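The structure appears below as structure tokens.
Every read-out reported here was derived from the displayed coordinates using simple, explicitly stated rules and does not represent laboratory data. Here the structure is a predicted model, which means the values were calculated and not measured. Neighbour counts run over all protein chains shown; Cβ positions are idealised from the backbone, glycine included.
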Amino acid sequence: MARAAYEENNDPLEPMNRAMFKVDAGIDKALIRPVIKGYRAVVPAQGRKGIDNFLNNIRSPITFINDILQGEITRAGQTLGRMALNTGVGFFGFFDVAEKWGIEDHNEDFGQTLAVWGVGDGPYVYVPLLGPTTARDGIGFGIDAFLTDPLAWYSRGTGAMNWVEWAYFGSAYIDTKDVTMDPLDELKKSSLDYYAALRSSYRQIRAKEIRNGAPGPMEDFDQ
Amino acid sequence: MPTLSRRAFASGVSAIALLSVAAPLSAVMAQAQPDAAAFVGDFTRKGITDILSAPIANTEKQQRFRDMFKTYFDLPGIGRFVLTRYWAAATPEEQAKFTKLFEDVIVYTWSRRFSEYNGQSLMIQGQQADGKDGTLVKSTIVGNNSSHFGVDWRLRKRPEGFKVLDIVIEGVSMAITYRQDYSTVISQTGSFAGLLAQMEKQVADLKAQQGA
């Protein structure tokens, strides 16, 4: 039975990953959840959506560069168009005007570029505070952070992280946790082994991003 | 979760959450889509009128949802896919027990969120061939505040008509996710009976939460 790569667990570090997953659940309960509850209490849903759009717009150069690296010229154009529209008309990115005009959002990163270049995803790794990743995606994340992220260019030469980077990192972190908290709770409720369900979901989502949204093969159903 | 595209992840997993509200129950704007797409359109439309917007008690909604699920989904096919080699190795009694428990898991997981439906609609985007005798129907669920996500329906033609084998929400296949989840439980508990016991407990917990 042929099985797509993203269906394999490839999790040789599972005992350690599970330990980290447990640590993360503790941190989540003690620290992250109260912060997110506070954030939701202070900032209304519309404001949170605007912040999410703003942060997404800030990282669009990362998507643009990786579009180019993957040879996706049309999608690079879409990214550029979105950036221009949303930064200009969308009030520095708070409003996703481009989407309303029919230019769909997509995400690229160096992990996906490596995949397009033929690099396999490697072992699954669960990192406390950051969540699920793989060897390839972790390396891709590092490369994006140092090379393709415009904030990294901005602070080039200043040495340690400056306040702009900290502010960006902090708000992006809170935004991510805000957006993912409810869906993850739902996944936890619907699964028996939350760790395994999350690992599977992560790999499937990444596989779909790498395929640029095309449906995956499912020949197993006809076994 | 920076290494994960946070948006893709959020939309993927929240789609699972939303789907339980929207998919079986959506107003459907399928027009002029032949057979397979029409099938998806029909039963989702039925879902919204007969279950979601119906002025009936939640227990009655659960029952109707269960009937629909049994009618439109290929439960043995799903069991075969989700359990792979364990399915073949199981006795017919074990297979029947799994199918019944899986049905309960789906019914009680989804019915928790029936009340959250507020007018999401499902638009059929098209269909394409999918494996042998299969069709993939692509759709988008559109919610309020312009949120939307993609849902693909994997159908197989059976003697009695189309049956749903899998729902893929923003790239996350329910069947694959359950397969990974359940095979992990089987290898950890060391037996098929271990999985059935955990499913029984999950169903009991879900029922207790809903007073069903």
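A simple packing score, the average count of other Cβ atoms within 10 Å per residue, orders the peptides B:159-166, A:37-44 as B:159-166, A:37-44, with the highest score first. Pairs exceeding a 31 Å alpha-carbon distance, out of A:K189/B:K97; B:K46/B:K132; A:K29/B:K100; A:K100/A:K189; A:K188/A:K208; A:K100/B:K157: A:K29/B:K100; A:K100/A:K189; A:K100/B:K157. At a Förster radius of 30 Å, what calculated FRET efficiency corresponds to the Cβ-Cβ distance of A:V89 and A:V164, to the nearest 0.05? My answer for the efficiency is 0.80.
Per-residue shielding of B:188-199, expressed as the average number of other chain Cβ atoms within 10 Å of the residue Cβ, stands at 1. By the helix-only formula, in which each DSSP H run with n ≥ 4 contributes -39500 (n - 2.57) and the sum is divided by residues, chain A has a 222 nm mean residue ellipticity of -18500 deg cm²/dmol. Computed over the stretch B:131-212, the convex hull of the alpha-carbon atoms projects to a mean area of 8.7 nm². From largest to smallest, the equivalent ellipsoid semi-axes obtained for chain A from the alpha-carbon gyration tensor read 28, 24, 19 Å. Once you reduce the stretch B:162-179 and the stretch A:173-198 to the center of their Cα atoms, the two points are 18 Å from each other. Averaged over the residues of B:164-176, the number of partner chain Cβ atoms lying within 10 Å of the residue Cβ comes to 5.
Prolate is the label for the protein assembly as shown, because a/c, from the alpha-carbon gyration tensor with a ≥ b ≥ c as root eigenvalues, is 1.5 or above and a/b exceeds b/c.
What the phi angles of the stretch A:77-94 give under the Karplus curve with 6.51, -1.76 and 1.60, with θ = phi - 60°, is a coupling list of x, 4, 4, 5, x, 4, 4, 5, 4, 5, 5, x, 6, x, 6, 6, x, 5 Hz, glycine and proline written as x.
Given the C-alpha centroids of the stretch B:122-150 and the stretch A:49-114, what is the distance between them in whole angstrom? With the stretch B:122-150 and the stretch A:49-114 each reduced to a Cα centre, they are spaced 24 Å. Mean silhouette area of the stretch A:76-142, derived from the convex hull of its C-alpha atoms and averaged over all directions, reads 5.9 nm². Between A:D109 and any residue 5 or more places off or on another chain, the built amide H atoms are never under 5 Å apart. Restricted to Cα atoms, the stretch A:48-87 shows a radius of gyration and a Dmax of 10.5, 34 angstrom.
In terms of other Cβ atoms within 10 Å, B:T184, A:T87 run from fewest to most in the order A:T87, B:T184. Shielding of peptide A:104-113 by partners, expressed as the average count of other chain Cβ atoms within 10 Å per residue Cβ, is 2.
When each of B:E200, A:E72 is scored by the number of other beta-carbon atoms lying within 10 Å, the sequence from fewest to most is B:E200, A:E72.
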